[in-house]
Structures are given as structure tokens and as C-alpha cells.
Amino acid sequence: MIMRVLLAVAAMTLGGVFFNGNVPDVTKDDKDKEKMIILAVLRLIEGRHFETKQIDDDFSRKVFKTYMKRLDGGKRFLTIGDFDLMDDYEQEIDDAINDPNGPDLEFFDLSYELINNAIEKVRGIYPRILDQPFDFSIDEDIELDGDKIDYAPDDAALEQRWRSYLKYETLTRLADKLDDQEKAEDPEGGKKSISELEAEAREDVREMMDEWFQRLSEVRRSDRFETFLNAITNTFDPHTDYFNPKAKEDFNINMSRRLEGIGARLQRDGDYTKVVSIVPGGPAWKQGDLQVDDVIYTVKQDGEEPVDIQGMHIDDVVSMIRGKKGTFVTLTVRNVDGDMLDVRIKRDEVRLEDGFAKSAIIEHPDKVNKVGYIQLPKFYADFENPDGNSCAEDVAKEIKKLKKQNIEGLILDLRNNGGGSLNDVVEMSGLFIKDGPIVQVKARHGDPYVFRDKDPDVLYTGPLVIMVNSFSASASEILAAALQDYGRAIIVGSNSTFGKGTVQRFYDLDRALRGIPADLKPLGELKMTMQKFYRINGGSTQLKGVIPDVILPDRYTYIESGEKQLDAPMPWTEIAPVEYKQDILDLSRLDVLQKKSKARIKTNETFGKIDENAQRVKRIRDMSEYSLQLEEYRSLMKARDEEAKRYRNLFQPIEGMQVLNLPEDLTYIRMDSSRIDRNDAWLEGLNKDVYLDETLSIMRDMIVEGVALYEKRSQP
């Protein structure tokens with residue numbers, strides 16, 4: 001682990017921070033603690049955040065906009081009169097939080113009172129609306145995007161907005177009930193009339209709303225305060241967040257254990273819960289239907305009715321999805337394609353070994369004889385245990401095994417790899433070059449620190465392709481960028497990688513100010529952006545990500561994804577490049593290789609459908625206005641379903657391609673039946689991977705036809 005010494009360098013920049021500031025008089029009262037937290041957060045940001053920002057009227061307007069969107073983004077509770085009361089503070093937030101006598105919470109107090117009153121008002125509206133049947137023959141529409149509508153001008157207009165919203169919720173359920181009844185050959189109790197099904201659908205909506213408003217009544221002042229505080233911190237950048245002591249404790253728990261029932265990581269997205277990552281090897285990963293960016297609508301235990309989780313706290317959603325190994329949970333989700341799916345997953349243990357690097361041999365007689373393939377789901381490292389797993393060491397082991405098989409080229413798959421250990425990135429990059437700089441890391445003050453590979457040995461000198469996609473982030477982007485800059489590897493993937501080029505660390509707020517009374521502690525912690533990654537060519541990976549040399553279409557081709565879709569992302573910047581070179585091989589005539597790949601993609605039926613589906617996804621994502629007429633709505637949904645059928649089961653076994661385990665891995669794989677099953681599923685998935693197939697063609701162009709590769713020296 002030659003790069004572990006770099007931890008000491010990082011630690012020098014991460015020491016405790018103390019400020020001598022004026023601490024306001026405090027008591028045990030919640031308001032005084034809130035003021036103390038704001039003061040501590042601002043002092044830390046002022047002293048350590050990567051980017052300085054003036055806390056002025058412009059800053060205040062941005063905080064106000066963010067907070068109002070998070071307070072009532074759908075504009076279903078507050079009226080224009082409520083907004084006008086708060087709008088008076090739009091340019092005053094900066095003055096309030098910088099008050100020399102301590103932060104002034106007048107605006108937050110007002111917003112807290114207004115939103116609570118608004119919720120109670122609507123609590124009396126929705127039951128009355130749901131008492132009466134809806135007429136779905138009337139020609140009317142609903143706009144579901146809160147950004148495209150104004151606040152209701154008065155209570156009467158607000159009630160009309162809720163009538164449309166509840167009608168829409170009833171409509172979607174009624175349409176589903178009609179579809180289910182039409183599909184059933186002999187429905188239990190006989191077929192029901194539309195009016196009977198409409199009454200059932202309204203009752204379903206009533207139950208959902210009752211549960212939602214019960215959850216809203218349990219929202220604490222501290223929850224609202226954290227929303228306000230994070231509207232302030234996120235105006236600096238989307239990764240600077242306040243964590244209360246309990247939230248920080250949860251953050252420290254391994255994410256694969258937080259959702260140990262299915263192996264997925266979730267986060268709140270407005271009133272809904274969204275899947276943000278799938279744990280490699282976990283039950284959801286093996287089941288295959290649950291995908292990143294799926295929005296979860298209901299959670300159902302076997303033998304029970306589904307529970308609508310709209311507005312539910314993320315901890316409660318997690319508790320519902322967790323469960324005993326061997327039991328089942330069904331999630332109703334809407335995926336990025338716009339399809340509603342019931343995903344039934346068998347709960348199981350998340351096996352960490354499936355998140356480790358693993359390799360295979362790929363043969364394709366029409367393209368290449370033998371290519372090595374390494375899949376790396378994340379950049380893992382065990383800093384607590386010197387003998388623990390290191391992804392750099394594991395990848396090195398896999399390369400050594402592959403070299404024994406006399407591979408012609410190597411593919412390193414970093415798709416969906418969200419990052420991890422920086423030290424392992426540097427060490428892993430060094431497997432492919434003699435020595436030299438890998439990445440620059442810069443804090444707000446001082447010169448950049450250059451992380452270098454100092455080992456002159458090169459483990460692999462042959463043709464190298466790195467696969468990425470829009471979910472390859474952070475550490476993945478550093479490795480891809482370094483080897484792209486060196487001209488050592490060809491990068492293949494989607495339009496760009498994720499674009500997260502920043503570094504965060506946690507700061508204890510109790511240490512940010514002197515003289516904090518013991519009975520106010522703990523204040524919590526601040527996760528703050530304090531450094532930025534830069535490529536060795538001087539550009540950052542922030543926002544732009546890494547643009548592959550060869551771009552392949554995927555379902556996100558036409559929609560904005562990654563860091564750039566977040567609120568207030570830090571900008572792309574550049575610093576001076578550092579000197580770098582490598583004499584392992586030259587990649588030349590890249591333009592020819594790109595043209596050949598583009599020509600293949602153009603005639604590939606599967607890639608054609610992938611591109612068509614990406615356009616469909618874009619169309620659905622952009623559509624936010626829907627008819628409230630039953631037949632028109634059903635026609636739209638049926639047309640969508642018919643269109644979606646064209647893009648289901650896109651990936652079939654690729655003719656001529658064989659994916660094989662390495663001989664020396666077989667003994668370990670065959671040690672138990674579950675390991676065999678997981679391995680078979682992995683090989684089967686690779687055998688259907690059209691992106692991997694095209695990467696093999698790119699590799700062929702490199703090593704068989706010699707289009708884009710000129711070796712400077714032979715491989716040892």
C-alpha cells in the first residue's frame with residue numbers, strides 16, 4: 001500500500017478548526033441553539049469553504065428561492081398572500097444571519113408559522129373534496145410542475161388547486177383499477193362499474209392523504225430549521241450540508257447495511273423517495289429491475305396492502321424496506337422511462353465480496369481472441385486495517401492473473417462507480433504508467449498538492465480501454481482523466497461522467513466556537529466542500545466530468561444528469577497544468593477509431609433503439625401537464641405502454657461473444673451454490689452487454705487493425 005503515506009498529507013489539511021467569535025447569550029431554548037448552530041456554520045464556511053462568497057442581497061435572494069422551493073415546491077399550501085409576507089425578507093436574510101448580536105430568526109419563525117397554518121387549513125379542505133365523486137368527462141388539465149405555476153391568489157383558488165390534484169390522484173388509481181379489471185378473466189365479485197371503482201379510488205386517495213397529513217403533523221421545528229439552514233449551506237454548493245447528531249450517526253453507517261434488506265441507497269426527492277445507488281451484489285442488484293433514479297411510490301409486504309410513502313420520512317421508508325432475510329418486499333416505482341413497475345425483491349444479506357474487483361476473459365472470434373475484463377464497482381479501502389481490502393491491490397492481482405492468460409488487451413469497467421479512496425486511485429493509475437502526477441488537489445488558499453505515482457514499475461503496458469457512464473463519479477473520474485491526459489487509455493462511455501470534482505470533510509460544530517455551554521451540545525456537524533480536484537492538464541473534473549473519447553448512446557443521452565443538474569453546483573475552473581509524459585504506448589489516429597465506432601453504432605439495431613428510447617425518456621420527463629379526462633388519460637397511458645414495449649428486453653445474448661471465468665477462480669466460485677448462482681448471473685449479464693460488445697470492437701481497432709495504437713515498447 002505505497003500510497004497510504006498520502007493520508008498523512010491529507011490529514012495536515014483536515015485538523016480541527018477553532019474561531020474566537022462572539023457567542024450570543026444562550027439558554028436551553030431551541031431558538032438560542034438554532035442561532036448558535038447558524039453562527040458556527042457560517043464561521044466554518046467563512047474560514048474553510050473552498051469558494052468565498054459575499055453574503056449579500058444576491059446571496060439572500062438565492063437562499064430565499066431555494067428555501068421556498070423546499071418549503072412548498074408544489075405550491076399546494078401557501079397562497080400569494082403568504083408568499084408576499086415572506087417576500088419582504090427576500091433581501092434581508094443576509095443581514096439577519098450576520099446580525100452582530102447573533103443571527104435573527106424572524107424570517108424563519110414567520111415561515112414556520114405560515115406553513116403550519118397552511119397545512120392545517122388544507123387538512124380541512126381535502127376530506128370535503130373527497131366526499132364527492134369526480135366527473136372525469138370534463139375537459140380540464142393539471143400542471144404538475146410547481147415551477148410552472150404561480151401561488152394560488154386566495155383560499156378559494158387554493159381549494160380549486162387541491163380539487164384538481166386530488167382528482168388527478170384519483171384518476172391515476174381509477175385508470176389502474178380499470179386496467180386490472182379488464183385483464184382479469186373472472187374478477188372476484190364480478191365486474192364493477194366505473195362509479196364503484198371511482199369510489200374505491202377516492203377512498204384510496206383519502207387513506208393516502210390521511211397518512212401524509214399525519215406525517216406532516218409530526219414534522220418538528222428542528223426539521224424545518226434544518227431545511228432553512230441547508231438552504232443557506234447549499235447556496236455555497238450542493239454538497240455542503242448540516243447534519244444533526246443523529247443524521248451524522250446514520251451517515252457513518254455503511255450504506256449497504258442501512259438498507260440491508262435489499263441493498264440500495266435512497267434519498268428524499270421532494271415528497272417522494274428516490275433510488276440513488278444500488279449496492280453491487282445486493283438483492284436489488286441481483287433482481288435487476290430496480291434502477292438508479294427510480295422513484296418509489298409504495299412499499300408492500302407480502303400478505304399486506306401497499307403503503308403509499310409520499311411525504312414519509314426517509315428513516316421510516318428504510319424501516320419498511322428492511323426485513324428478515326428470505327422475506328419479500330414489493331416496491332412500486334416509476335423509472336426514468338416513465339413506466340410504473342412493481343419490483344418484488346427477496347431480502348438477503350449484502351455480500352461485500354460482490355463489491356470487490358473481479359475479472360473475466362472475453363473471447364469473440366470475429367473481433368479479438370482474448371481480452372481481459374475487470375469490473376470495479378467502487379474504490380474501496382480499509383484504512384482501519386492494514387491487511388484489509390484495497391481496490392488498487394485487488395486490481396493489480398486481477399491484472400497478474402489475466403496476464404497469465406496472455407490477454408491481447410484490457411478493459412477496466414468503471415460504470416456506476418461512485419468513487420471512494422483517492423489514494424487507491426493514485427496507486428491504481430500507477431499500474432499503467434512508469435511514474436508521474438495523477439491528480440492535483442487544491443484548497444482555497446495555497447498551492448495545489450500534486451498526488452503522484454512514485455513507483456517506476458509498470459504492471460500492464462498493453463492496450464487499455466476504460467468504460468464509464470454518467471454515474472461514474474469522483475475517484476472514477478480522476479483515474480479516467482489521468483489516463484486520458486497521458487494518452488494511455490481510450491475512454492468509452494456516455495456523454496460525460498458525473499462531474500463531481502470536489503472534496504468534502506466533516507467539521508464538528510462544537511469545536512467551531514469557544515464558550516459553547518455544555519447543555520447546548522452537541523450542535524451537530526457540517527459536511528463542507530474544502531478542496532477541488534484538478535486534472536494534470538489543469539482543468540477540473542467539476543461539472544464537465546470526463547468526456548469520453550468514444551461516446552455511446554444511453555437512456556440519459558438527451559436529459560441533464562450528474563452534478564450539473566444539482567442546485568448551485570460549483571463552476572468548472574482550471575489551474576496551471578503540471579508536466580507529465582509516458583512512454584508506454586501512443587494512441588494515434590483516434591479520429592479514425594471514432595469514425596469506425598460511430599459507423600457501427602449507426603447500423604446497430606440495439607443502439608438505435610437505445611437512442612430512440614432516450615428521446616422517449618426526454619419527452620416524458622419534459623411533459624408535466626396532463627388531462628383529467630378519464631379516456632384521454634387512459635389513451636395516453638396505453639400509448640406510452642405500447643411504446644415502452646418496444647424497448648423492453650433490449651439486451652439479448654450477443655452472438656459470438658463468450659465471457660469466461662479465469663481458471664484459477666473456479667475453485668473459489670464452486671465452493672457454494674449461492675456463489676455459483678451469483679457468478680452465473682454476472683456472466684450472463686456481461687454476455688448481453690451491448691456496450692461491452694462495442695468496446696471489444698474498439699479494442700479490435702486498436703490491436704488487430706492497428707488503427708489507433710502504436711506501441712512504443714513491447715509488453716514484458
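The values are calculated or read from the model by the stated rules, or taken from the named source; none is laboratory data. What you are looking at is a predicted structure, and each value in this text was computed from that prediction instead of being measured. Virtual Cβ from ideal backbone geometry, glycine too; neighbours counted across all protein chains shown. When the accessible area is computed, the model is the full protein with side chains, heavy atoms only, and any ligands, DNA or RNA have been set aside. Shrake-Rupley method; radii C 1.70, N 1.55, O 1.52, S 1.80 Å.
As a test of the formula, what do you get for the chain when each DSSP H run with n ≥ 4 contributes -39,500 (n - 2.57) and the sum is divided by the residue count, at 222 nm and rounded to the nearest 500 deg cm²/dmol?
Calculated from helices alone, the mean residue ellipticity at 222 nm is -12500 deg cm²/dmol.
Quick check: at a probe of 1.4 Å, how many percent of the accessible area of the chain sits on carbon and sulfur atoms?
Answer for the chain is 47 percent, counting heavy atoms of protein chains only.
Could you tell me the relative contact order of the chain? Use alpha-carbon pairs under 8 Å, at least six residues apart, and round to a whole percent.
Rounded, it is 14 percent for the chain.
Probe of 1.4 angstrom, ligands and nucleic acids ignored: what's the accessible area per residue over the stretch 398-482, in square angstrom?
30
Rounded, prolate or oblate: which one fits the stretch 25-113, using the alpha carbon gyration tensor with axes a ≥ b ≥ c (rounded when a/c is under 1.5, else prolate when a/b beats b/c, else oblate)?
Here the stretch 25-113 falls in the oblate category.
How big is the antiparallel share of DSSP beta bridges in the chain, given as a percent to the nearest 5?
Of the beta bridges lying entirely in the chain, close to 75 percent run antiparallel.
Greater than 22 Å separation of Cα atoms is the criterion. Which listed pairs, 618/645; 400/595; 358/400; 177/324, meet it?
The pairs that break the limit, which is 22 Å between Cα atoms, are 400/595; 177/324.
When only the heavy atoms of the protein chains count and the probe is 1.4 Å, how do 315, 32 rank by accessible area, highest first?
My answer, sorted largest first, is 315, 32.
Need one value: the accessible area of residue 370 in square angstrom, 1.4 angstrom probe, rounded to the nearest 10.
60
Per residue, how much accessible area does the stretch 300-348 show when a 1.4 Å probe rolls over the protein heavy atoms, in square angstrom?
Counting only protein heavy atoms, the per-residue value for the stretch 300-348 is 47 Å².
What does the charge dipole of the stretch 80-170 about its Cα centre add up to, to the nearest 20 debye, if the Cβ of each Lys and Arg holds +1 and the Cβ of each Asp and Glu holds -1?
Taking the Cα centre of the stretch 80-170 as origin, the dipole is about 760 debye.
For 444, 61, 128, give the ranking by accessible area with the largest first, probe 1.4 Å.
128, 61, 444
Whole angstrom only: what separates the Cα centroid of the stretch 108-167 from the Cα centroid of the stretch 473-546?
Computed from Cα coordinates, the inter-centre distance equals 41 Å.
Taking 7 Å along the Cα-to-C-beta vector as the label spot, tell me the residue 339-residue 217 distance in nanometres, rounded to one decimal.
Result: 4.0 nm between the two label points.
For the pair residue 99 and residue 519, what calculated FRET efficiency results from E = 1/(1 + (r/R0)^6), where r is the Cβ-Cβ distance and R0 = 35 Å, to the nearest 0.05?
Between residue 519 and residue 99 the formula returns 0.90.
If I take R0 = 30 Å and measure r between the Cβ atoms of residue 199 and residue 276 in this structure, what FRET efficiency does the formula 1/(1 + (r/R0)^6) give, to the nearest 0.05?
0.20
Let me check something: with ligands and nucleic acids excluded, how do 320, 623 order by accessible area (1.4 Å probe), largest to smallest?
From most exposed to least exposed: 623, 320.
Could you give the dipole magnitude of the chain about its Cα centre, charging the beta-carbon of Lys and Arg +1 and that of Asp and Glu -1, in debye to the nearest 20?
3000
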